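The values are calculated or read from the model by the stated rules, or taken from the named source; none is laboratory data. This structure is a prediction, so every number in the text was calculated from the model and none was measured. All Cβ positions, even for glycine, are placed from backbone atoms using ideal geometry, and neighbour counts span all protein chains on display. Accessible surface is based on the protein model in full, side chains and every heavy atom, while ligands, DNA and RNA are left aside. Shrake-Rupley method; radii C 1.70, N 1.55, O 1.52, S 1.80 Å.
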Amino acid sequence: IHQIEVTTKCNLRCRYCPHPKMQRPKEHMEMSTFVRALEWCKHYDRFGTQKELSLTGIGEGTMHPEFIQFLYLARSALPTVPMCFSTNGLPTFTEAICRAAKTNQIGVYISVHRPEMAGRAVEMAKDYGILLNVNAGAIVSAFDWAGQVDWYVSAARSNCAYLEKGWAVVLFDGKITTCCLDAADKGVVGHIDDPIGSVKIKPYSLCSKCHELVP
């Protein structure tokens with residue numbers, strides 16, 4: 001489980017993101033869903049294949065009212081697994097979140113969707129020692145979300161890591177999908193209520209339109 005999408009709500013409407021027109025419900029993940037998703041992660045950790053975990057999806061994770069608790073639960077479930085999350089740096093990214101991330105050794109990527117906000121967030125993350133990188137991908141390594149948005153493509157073509165490494169994303173409602181670009185849940189291969197470890201990652205309809213390659 002490479003990602004857990006803790007929310008599909010967002011406080012921006014970026015032209016280069018499918019979120020504004022996304023048909024999936026825009027809701028927060030339930031606590032019970034998050035806990036069950038972590039059970040999947042613990043399963044793969046026991047087999048030595050849960051190499052990392054990102055609490056990121058098509059939404060702004062720091063908007064979730066239980067986000068700080070999620071950070072503690074994730075670290076408790078996976079004591080040694082590297083973890084991160086992404087944020088747009090708007091005011092829902094708070095010092096309390098920074099403190100929790102530092103306590104739990106969870107890093108943050110900050111996107112420059114709104115530079116006047118991201119600058120504040122970057123400096124705060126630096127102060128707490130949790131900044132992993134600043135993400136300007138929409139400018140310097142752009143893509144059109146496999147044809148889902150009208151945006152230019154400048155990202156290098158390479159093998160899809162999700163297909164190559166068997167990564168999966170747990171969506172906010174517990175569905176498990178093949179792909180981090182899956183705004184319309186077209187690549188769903190299972191659900192967290194299925195027997196743990198039972199899903200198989202495979203190419204799906206968006207792969208033929210994607211800037212990344214099927215390995």
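The distance from the alpha carbon centre of the stretch 151-215 to that of the stretch 58-84 is 21 Å, rounded to a whole number. Within the full protein context, the accessible area of CYS179 is estimated at about 20 Å² for a probe radius of 1.4 Å.
Can you compute the charge dipole magnitude of the stretch 1-87 about its Cα centre, using +1 on each Lys and Arg Cβ and -1 on each Asp and Glu Cβ, nothing else charged? Give it in debye, rounded to the nearest 20.
Working: 11 positive and 8 negative charges, 59 e Å.
Magnitude of the dipole: close to 280 debye.
Kirkwood hydrodynamic radius of the stretch 48-104, from the reciprocal of the average inverse Cα-Cα distance over all distinct pairs: 11.8 Å.
Using the Cβ of ALA100 as centre and a radius below 14 Å, the other residues enclosed give a net charge of +1, where K and R count +1 and D and E count -1.
Computed over protein heavy atoms with a 1.4 Å probe, the carbon and sulfur contribution to the accessible area of the chain reaches 53%. Pair-distance distribution of the stretch 1-128: all C-alpha pairs, bin width 10 Å, starting at 0; shares per bin in whole percent are 13, 44, 33, 10, 0.
Left without a cysteine partner by the 4.7 Å Cβ rule in the chain: CYS10, CYS41, CYS84, CYS98, CYS160, CYS179, CYS180, CYS207, CYS210.
Quick one: net charge around ASP185, please, counting Lys, Arg +1 and Asp, Glu -1 for every other residue with C-beta under 12 Å from its C-beta.
Numbers: positive: ARG24, LYS175, LYS186; negative: GLU5, ASP173, ASP182.
Residues near ASP185 contribute 0 overall.
Only Cα sites of the stretch 1-57 enter the Debye sum here, all with the same form factor; the resulting log10 I(q)/I(0) across q = 0.19 1/Å is -0.75, listed in q order. Against the criterion of solvent-accessible heavy-atom surface with a 1.4 angstrom probe, ARG157, ARG120 sort, most first, into ARG157, ARG120.
In this calculation the C-beta distance from LYS186 to SER76 is compared with R0 = 25 Å, giving a FRET efficiency of 0.15. Pairs of Cα atoms nearer than 8 Å and 6+ residues apart set the relative contact order; for the stretch 136-207 it is 23 percent.
Across all Cα atoms of the stretch 80-160, the radius of gyration (one decimal) and Dmax (whole number) stand at 14.4, 40 Å.
The stretch between ARG157 and LYS126 holds 8.0 nm of extra length on full extension. This uses 0.36 nm per residue minus the Cα-Cα distance. Annotation for SER198 and LYS21: the two label points, set 7 Å from Cα along the Cα-Cβ direction, are 3.6 nm apart.
Extension gain for ALA96-PHE47 works out to 14.3 nm (0.36 nm per residue, less the C-alpha to C-alpha distance). For the chain, adding -39500 (n - 2.57) for each run of n ≥ 4 DSSP H residues and dividing by the number of residues yields -8000 deg cm²/dmol at 222 nm.
Within a Cβ distance under 9 Å of VAL81, other residues only, what is the Lys/Arg minus Asp/Glu net charge? Present the calculation step by step, with values, prior to reporting the outcome.
Values: positive: LYS51, ARG75; negative: ASP45, GLU52.
Local charge sum for VAL81: 0.
Given +1 on the Cβ of Lys and Arg, -1 on the Cβ of Asp and Glu, and no further charges, what dipole in debye does the chain carry about its Cα centre, rounded to the nearest 20?
Details: 23 positive and 21 negative charges, 45 e Å.
Approximately 220 debye in magnitude.
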